[in-house]
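What follows is a set of notes on a single structure, which appears directly below.
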Amino acid sequence: MVTYIFEYYFIITMSLTAAGAISEHTVPSEKALSTSDNSVLSDERDIATNVISVDDDDSLNPWTIRAFFIGLGLSTFGGVLAEIYYFKPQSISVSLMFLAVVSYILGVSMETFIPRRGLLRYLNPGPFNKKENAFIVIMASASANSALGTDVLAVQRLYYNITPNAVTSVFLLFSSQLLGYGIGGMMRSILLYPSKMLYPGVLPLLSMFDALYEGGMASRKKLRVFSMVVAAIFVWELFPEWIFPLLTGVSIFCLAAPNNATVSRLFGGSNGNEGLGLLSICFDWQYIAGQVNPMTIPLKAQFSNFLGYIFCAVVFVAVYYNNIWKAQNFPFLSQLLYYENGTQYDQTLILNSNYEVDPTLLAEQGLPYYSSTWVVYLLTQNLASSPNSLGALFTHLLLWNRSDISSAWTWMNPSGIKNIWANFDWKFWRADGMRKQDVDGEDIDPHYKQMLKYPDAPNSWYFVVFLLSFVVALVVLYKTDSTLPWWGFLISLLLATIFILFLGALAAITGLSFTIQTFGQMIGGYIQKGSPVANMYFVLYGNNTVFQAQLLLRDLKIAQCDCHPRAAFTAQIIGTLLGAVLNYIMMNSIIDNQREILLSVEGTNIWSGRQPQMYNSQAIAWGGLSDELFSTGQRYQWVPWAYVLGLFVPVPFWVIHRYWPKLHADYLYTPIILFVTGYLVGGINSFILSYFAVAFLSQWWLRTRYPGWFAKYNYIVAAALDGGTQVMVFILAFAVQGASGTSHLFPTWWGAQGGGNYDHCLMLN
C-alpha cells in the first residue's frame, strides 16, 4: 500500500489551494476555459462548475451491453495486471487515465465497425457516450487494485506454510474489499455531496472526459497522438523487459568497477534490493513512471521529492558505514528479519501451534534484527505522517493549510452537528442520500443536483453490503486460523470507521489520501501481544476498510459528474468482486511458479517478494514482539516515538517562511522530504535520474517553451506511455516471464546477464 501514500503525497501539493491546484494539474476543456479565462476560481463551487461541465444529458444511457462488455474486459486486464505488479520489485499502479482513454477508443471502435442490425445492435446501440465511458472506468478502476487480503494469503503461503482453501480465501478478499464500501457509502451525505468535497485527484480525468466528448478535429488529433505513442512504447518495452534488460539501469560506475561492493550499494539499481541507483540511467518506462507519472507533477512539487532522495542517499550511507544498529551484519537493503550473525530469521521457531510467540522459544532464538536501512524507513515514515493526527503531516497542514482542515471538518461545529442530528434517521439504512434535505443551498455540489433526476443507490444497499461483509468476515476469521478474536475485529472496524470520517473529509478537500497500515500494526500489536497472524488480519480489516471507502467515494465523485448513481454502484461491486477473484488466481499462480525468487532477498528485475516480506516482517515485529523491540528502552524505541517527534519538524520551515518569505521555504513540503528520505529502502532504484529528467523536460521545457502543445498533449502522452507499457508488461508476464508457468528468459548475453545483476554490479545478496 506504500504506493498510494507516495502518489497522493504529490497530489496534495497541487490541490491544497483550490485555484492553484486546477491551474497546475488539470487541462480544462475549451468550454470550461471560455467561461473562466478572465476570472479567478475563488472556491470549490467555482471549480466544480467551471472546470467540469455541469450539463447532463439524461438521454444518455450507461446500461448497455457494450459498456458491460468493455468494462468486464478492462476489469480483467486491470485485476490481473495489479496482482502482477504486486510481485514486481517496484510498487506500480495501473493508470486510471489509461483505462479511461483505452475504454474510449474501444467504445468508439465498436460504434464505428460493428453493424447496427440483428443481435449485433446490442453491441452497438449507437454513439458511444460519456456515461458508458464513466461506467467502464469505475468498474475497471475498482478491479485494478491488488487487494490487501492477498498480502495476508501470500504471507501465510510463503512463511507459515498455511494454504486456506479457495472458497475461504475468496470470501476473505470479498469481505475485506467490501466493508469499506458499506461504511463509506453510508457517509455520502458528509463526504461526497457538499461542494467542498472536491476530490482534486479526479479533476484531470473529468476534464479529459469533457474534452473527448466535445468532439471535433482536436479530439481526433489527440487520439492519433495517443495511438502512435502507445504503439511506440509498446514495441520499445520489449527491449528493457526481455531482450535487453540492462536498459533497466545503465550504470557507468558498475561497468567500470563490476566487482566493487561499495559501488554496487551506491550505484547499482537494476535489480530489486541491489543498491541506491545513484546516477544510473533507466530506459524502462514501467519503473520511471511506476509510482507516479513524472509528466503530471509540477516542478514545485518535485523539489521536495528531489531533496528527499538526496537525504535518503546520505542517511542510508551514513547509517550503514557507521554500523548503526549493527548495519554491516545484514544486507544493505532488505525487508526481512535476521539473526545477529546476519542469517535469515526463522520465525516459525518462535511460534507455538496457535501461531503465537512462545517466550521459551523466543529466548532460545533471540530477538530478530531489521536491516538498518529498513529501520530508517520506518522512522521516516512515522516522522512524515501518522493517521492518528500526529507527525509532520498534521503539523504541516495545520501551519500552512489551516483553512483546508477547517473546511474538511466544518460539520464538527455545534451548528453542523445539530443539523446532522435534526436530519438523522435512526433507520439509516432506509435513507435515500440527501433527498430529504434542502438541495438548493450553495453547499450542495451542482453535479449532485443533476443526479437527482435518476434513481439513487440508497443507504439500504450500502448497509446490506456492510452487513453481509461483516458476517462473512467473522466466519472467515474463525475458518482461517487467523487467531484474531471477534473483539479484535470489532476494534479494527471501529478505528476504520473513525478514520474514514476524518481522513475521508481531508482527502475530499485536499486530495491527500493515505493508508493507516503502520498505525494499525502498532495498535494491533499492543492490544493483542504475541500474535503476528492476528496482527495481519487486524491491519487487513482496519487499513483496507479505510482505503476501500476512499476508493468508493472517489469513484462516486466521477459518477456524480458523468454516470447514474445505481450504475456506479453496480460497476463498483462487479469490478471489486471480479478483481478479488483474479487477484487470488494470479497470486497463487505466481507463488507456485516463482516461490524461490519471492523468498530471496534480492529477487530479480522481474519478480520480487519484497511486499509480502515487508508485511510479514512488520507482523512479526509489531504483532509478535512489540514490547521486546519497540517499547521504551528497547532496540527500536525511536520508531514509535517518531510519531511524536514529527510534530515539530515543519515548525522551523514555517517560521522561516513567515519572517523571510523570499527564501521560499513554502516550497519545502516536509512530509514529502521525510517520506522520501526512507524511500529507497528496496526495489529497483535505477529510475531516479530518468524520472527527474522526464519531469524537467515535461514540466519546465515543454510547459514554458511550448505551452500550447503542453496543454493539448502532455497528459494524453503521459497516459499513452503508461498504457502501452502496461499492455506489454501484461503480455510478457504470461508469455515469457513465468506468471503462469515456466519462465523463458532471453538467452544470456552482455545486455542480459544471467545469474547476476543486469547492470553488471557485484551481486551481494
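List the residue pairs whose Cβ atoms are under 8 Å apart, where the first residue sits in region 467-492 and is closer than 22 Å to N616 by Cα, the second is of a type in the set (D, E, K, R), and the two are 6 or more positions apart or on different chains.
Going by the 8 Å Cβ cut-off, the qualifying pairs are T483/E356.
Is at least one residue of region 563-586 more than 22 Å from the chain's Cα centre (by Cα), at pLDDT 90 or above and either acidic (D, E) or crowded, with 24+ Cβ neighbours inside 10 Å (or both)?
Scanning region 563-586, I find no residue that is more than 22 Å from the chain's Cα centre (by Cα), at pLDDT 90 or above and either acidic (D, E) or crowded, with 24+ Cβ neighbours inside 10 Å (or both), so the answer is no.
Scan region 260-276 and give yes if some residue there is in contact (Cβ under 8 Å) with a residue 40 or more places away in the chain, out of contact with any Asp or Glu (no Cβ under 6 Å at 6 or more places or on another chain) and surrounded by fewer than 18 Cβ atoms within 10 Å (Cβ to Cβ), otherwise no.
Yes, that holds for at least one residue.
How about region 134-168: which of its residues are farther than 17 Å from F470 by Cβ, crowded, with 23+ Cβ neighbours inside 10 Å and small (G, A, S)?
Residues satisfying the conditions are A134, A140, S141, A142, S143, A144, S146, A147, A154.
Given (1) surrounded by fewer than 21 Cβ atoms within 10 Å (Cβ to Cβ); (2) touching an Asp or Glu at 6+ places or on another chain (Cβ under 7 Å), where does W638 come up short, assuming only one miss?
If we test W638 against (1) surrounded by fewer than 21 Cβ atoms within 10 Å (Cβ to Cβ); (2) touching an Asp or Glu at 6+ places or on another chain (Cβ under 7 Å), just (2) comes out false.
Specify which of the listed residues (I84, I105, I12, I70) is of a type in the set (V, I, T) and at pLDDT below 85. I'd like the intermediate steps shown before the answer.
Working: I84 fails: at pLDDT below 85; I105 fails: at pLDDT below 85; I70 fails: at pLDDT below 85.
Going through I84, I105, I12, I70 in turn, just one is of a type in the set (V, I, T) and at pLDDT below 85: I12.
For region 629-662, give me each residue that is outside any helix (DSSP H, G or I), small (G, A, S) and touching a helix residue (DSSP H, G or I) at 6+ places or on another chain (Cβ under 9 Å).
Initially, region 629-662 is screened for residues outside any helix (DSSP H, G or I), giving 631-637, 649, 660.
Pick out the ones that are also small (G, A, S) and you get 631, 633.
Matches in region 629-662: S631 only.
Please state which one of D592, D555 is part of a helix (DSSP H, G or I), of a type in the set (D, E, K, R) and within 21 Å of Y199 (Cα to Cα). Break it down stepwise before answering.
Details: D592 fails: within 21 Å of Y199 (Cα to Cα).
Result: D555 is the single residue among D592, D555 that is part of a helix (DSSP H, G or I), of a type in the set (D, E, K, R) and within 21 Å of Y199 (Cα to Cα).
Considering region 173-198 alone, what residues qualify as being in contact with a Lys or Arg (Cβ under 9 Å, 6 or more places away or on another chain) and more than 15 Å from Y462 (Cα to Cα)? Show your work before the answer.
Pass one, region 173-198, residues in contact with a Lys or Arg (Cβ under 9 Å, 6 or more places away or on another chain): 192, 195-198.
Those that are in contact with a Lys or Arg (Cβ under 9 Å, 6 or more places away or on another chain) and more than 15 Å from Y462 (Cα to Cα): S195, K196, M197, L198.
Could you check, for region 76-89, whether at least one of its residues is over 25 Å from the mean Cα position of the chain (by Cα) and surrounded by fewer than 19 Cβ atoms within 10 Å (Cβ to Cβ)? Even if it seems obvious, please write down each step before you answer.
Step one: filter region 76-89 for residues over 25 Å from the mean Cα position of the chain (by Cα), giving none.
Checked against the condition, which is being over 25 Å from the mean Cα position of the chain (by Cα) and surrounded by fewer than 19 Cβ atoms within 10 Å (Cβ to Cβ), region 76-89 yields no hits at all.
Give me the residue from region 688-719 that is of a type in the set (G, A, S) and free of Cβ contacts under 8 Å to residues at least 24 places away in the same chain and, out of that set, farthest from Q286 (Cα to Cα).
Looking only at region 688-719, we keep the residues that are of a type in the set (G, A, S), and these are 690, 693, 695, 698, 708, 711, 718-719.
Filter again for free of Cβ contacts under 8 Å to residues at least 24 places away in the same chain, leaving 693, 708.
Numbers: A693: 15, G708: 27 Å.
Result: G708.
Among the residues of region 133-156, count how many are more than 19 Å from the chain's Cα centre (by Cα), polar (S, T, N, Q) and more than 21 Å from E596 (Cβ to Cβ).
1
Which pairs have Cβ atoms under 8 Å, sit 6 or more apart or on different chains, and link a residue in region 720-748 that is without any contact (Cβ under 8 Å) to a residue 60 or more places away in the chain and of a type outside the set (V, I, T) to one that is part of a helix (DSSP H, G or I) and surrounded by fewer than 17 Cβ atoms within 10 Å (Cβ to Cβ)?
H744/A735
Checking G184 against (1) on the phi > 0 side of the Ramachandran plot; (2) under 26 Å from the mean Cα position of the chain (by Cα), only one condition comes out false. Which one?
The number of the failed condition is (1).
Would you call F135 assigned to a helix (DSSP H, G or I) and at pLDDT below 90?
Values: assigned to a helix (DSSP H, G or I): yes; at pLDDT below 90: no.
In short, no.
Mind listing just one residue for me: the one in region 587-607 that is of a type in the set (G, A, S) and modelled with pLDDT under 90 and, of those, surrounded by the most Cβ atoms within 10 Å (Cβ to Cβ)?
As a first pass, look at region 587-607 and keep what is of a type in the set (G, A, S): 589, 600, 603.
Filter once more, keeping what is modelled with pLDDT under 90: 600, 603.
Working: S600: 20, G603: 27.
Out of the qualifying residues, it is G603.
S482 - would you say it is part of a helix (DSSP H, G or I), modelled with pLDDT of 80 or more, among the polar types (S, T, N, Q) and buried (at least 24 other Cβ atoms within 10 Å of the Cβ)? Walk me through how you get there before you give the answer.
Values: part of a helix (DSSP H, G or I): no; modelled with pLDDT of 80 or more: yes; among the polar types (S, T, N, Q): yes; buried (at least 24 other Cβ atoms within 10 Å of the Cβ): yes.
No: the conditions fail for S482.
Within region 557-590, can you find the residues that are farther than 20 Å from S59 by Cα and of a type in the set (S, T, N, Q)?
Matches in region 557-590: Q572, T576, N583, N588, S589.
Examine region 110-120 for a residue that is modelled with pLDDT under 95, under 20 Å from Y541 (Cα atoms) and acidic (D, E), and state whether such a residue exists.
Going residue by residue through region 110-120, those that are modelled with pLDDT under 95 are 110-120.
Now restrict to residues that are under 20 Å from Y541 (Cα atoms): none.
No - not one qualifying residue is present in region 110-120.
Please find, within region 90-133, the residue that is farthest from H564 (Cα to Cα) out of those that are surrounded by 19 or more Cβ atoms within 10 Å (Cβ to Cβ) and hydroxyl-bearing (S, T, Y).
Across region 90-133, the extreme among qualifying residues is S91.
Step by step: first the residues of region 709-720, then only those that are surrounded by fewer than 24 Cβ atoms within 10 Å (Cβ to Cβ) and not charged (D, E, K, R), then the one that is modelled with the lowest pLDDT. Which residue is that? Write out each step before concluding.
To start, the set of residues in region 709-720 that are surrounded by fewer than 24 Cβ atoms within 10 Å (Cβ to Cβ) comprises 709-714, 716-718.
Filter once more, so that each one left must be not charged (D, E, K, R): 709-711, 713-714, 716-718.
On the way: W709: 85, F710: 83, A711: 76, Y713: 83, N714: 84, I716: 81, V717: 87, A718: 86.
Filtering region 709-720 for residues that are surrounded by fewer than 24 Cβ atoms within 10 Å (Cβ to Cβ) and not charged (D, E, K, R), the one modelled with the lowest pLDDT comes out as A711.
Is there any pair linking a residue in region 305-334 that is at negative phi to one that is crowded, with 22+ Cβ neighbours inside 10 Å and charged (D, E, K, R), with Cβ under 7 Å and at least six apart or on different chains, and which?
F332/R265
Quick one: which of F253, F244, F234 is within 25 Å of the chain's Cα centre (by Cα) and buried (at least 17 other Cβ atoms within 10 Å of the Cβ)?
Working: F253 fails: within 25 Å of the chain's Cα centre (by Cα); F244 fails: within 25 Å of the chain's Cα centre (by Cα).
Within the list F253, F244, F234, the selection yields F234.
The values are calculated or read from the model by the stated rules, or taken from the named source; none is laboratory data. Just so we're clear, the structure is a prediction, and the values are computed from it rather than from any experiment. All Cβ positions, even for glycine, are placed from backbone atoms using ideal geometry, and neighbour counts span all protein chains on display.
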